[in-house]
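Undergrad: Supplied in C-alpha cells, the structure appears directly below.
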Amino acid sequence: IETPSGIMNSIGLQNPGVKDYILHESHFLREKDTVILANVGGSTLESYLEALELLEEHNKTHRVMDIIELNISCPNVKAGGMAFGMNACDAEYITKEAKKITSTPLVVKLSPNAHHLVEVAQAVESAGADGLSLVNTFNALEIDIHRRKAVFDNVTAGLSGACIKPIALRMVRDVASVVDVPIIGMGGIMNWQDAIEFIMAGSTAIQVGTANFINPKVCIDIIKGMEQFCKEQNIKNLQEIRGII
C-alpha cells in the first residue's frame, strides 16, 4: 500500500529457495560482470546455517556468491517471532555461528526496529562480521477506517521509501561512528543527492529498493549524478567525503 512518500509491504521474503537458486539462478548471474551478493534469511538458527552450508559447499566448485548478506531482521520462530537482530546477544550469537561455516565476506543486515541499534552493531562487529548493511524497513501501521481493521493481515508491515530517509541517515551515522567495518547504507535513497548524503554519513556503499518501482533505471541515474557531482566538486575519490558528518 502507498503511504505519503513511501510504501508499506507485508510480502515476506519471496524467493525460490537456496537450492533452486544454486541450481538455476546462479548460472545467470555468473554470466554477468558483477558481484554476487546472496541475501540469507531463515526462521530458525538451523535454517540459516543450513542455507550457508549449501552456499559455501557449492561456492567451492561454481561461484554462487561473492558476499553474503545475513538478514537478521527475520522473525525467530523459537523466540516467539522476535527478530534475531532485536538484541545484541542474539545478533552476536548468530553471527559467530555463521562465521564458523563460511569463509565468504559476511555482511550482516540490521533491523532499525532494534531497541539499541548501536549495541547490536557493535556486537555483530565483535562477532566477526566483515560489514554491516542498514537499515531494513521500519515497523509501521495503516488502518482501514471503513472496515475498522488494520490494512494488513499481520497488522503491522514494513515501511520504506523517501519518508524513512532522515531516520535511516541518522542511524547510519550513529553506527558508522562506533564501528570500523564497512557499511552498506540504505533507506529512502531516491536519487544521487540521497546517495551522496549516505556516503557523507559514513556508508561505503549503498542499496536502492523502493525507488526502482518509480524509475527502473534509477541506479544508472544515481551513478551518473554522483560522477557529475564529484567532477563539479573536484572530488577525486569518495573517501574524501565518506563519513565527514
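The values are calculated or read from the model by the stated rules, or taken from the named source; none is laboratory data. All of these numbers come straight from a predicted model, not from anything done at the bench. Here the Cβ positions follow ideal geometry from the backbone for every residue, glycine too, while neighbour counts run over all protein chains shown. Accessible surface is based on the protein model in full, side chains and every heavy atom, while ligands, DNA and RNA are left aside. Shrake-Rupley method; radii C 1.70, N 1.55, O 1.52, S 1.80 Å.
Undergrad: Exactly one condition in (1) buried (at least 17 other Cβ atoms within 10 Å of the Cβ); (2) out of contact with any Lys or Arg (no Cβ under 8 Å at 6 or more places or on another chain); (3) under 24 Å from Ile101 (Cα atoms) is not met by Ser26; state its number.
TA: Unmet condition: (2).
Undergrad: Of the residues Asp221, Asp180, only one is closer than 27 Å to Val120 by Cα and modelled with pLDDT of 95 or more; which?
TA: Asp180
Undergrad: Looking at segment 5-23, which of its residues are in contact (Cβ under 8 Å) with a residue 24 or more places away in the chain and either within 23 Å of Cys163 (Cβ to Cβ) or open to solvent by less than 70 Å² (accessible area, probe 1.4 Å) (or both)?
TA: The answer is Ser5, Gly6, Ile7, Met8, Asn9, Ser10, Leu13, Val18, Tyr21, Ile22.
Undergrad: Here is a further query. For segment 86-129, which residues satisfy the criterion of being touching a Ser or Thr at 6+ places or on another chain (Cβ under 8 Å) and among the acidic types (Asp, Glu)?
TA: Glu92
Undergrad: Could you figure out which of (1) modelled with pLDDT under 95; (2) open to solvent by less than 30 Å² (accessible area, probe 1.4 Å); (3) in a loop (DSSP other than H, G, I, E, B) isn't true of Ser43?
TA: Unmet for Ser43, out of (1) modelled with pLDDT under 95; (2) open to solvent by less than 30 Å² (accessible area, probe 1.4 Å); (3) in a loop (DSSP other than H, G, I, E, B): (2).
Undergrad: Would you please list the contacts, defined by Cβ atoms under 6 Å and residues six or more apart or on different chains, that run from a residue in segment 168-185 that is farther than 14 Å from Glu119 by Cα and free of Cβ contacts under 8 Å to residues at least 40 places away in the same chain to a residue that is in a helix (DSSP H, G or I) and open to solvent by less than 30 Å² (accessible area, probe 1.4 Å)?
TA: Going by the 6 Å Cβ cut-off, the qualifying pairs are Leu169/Ala201.
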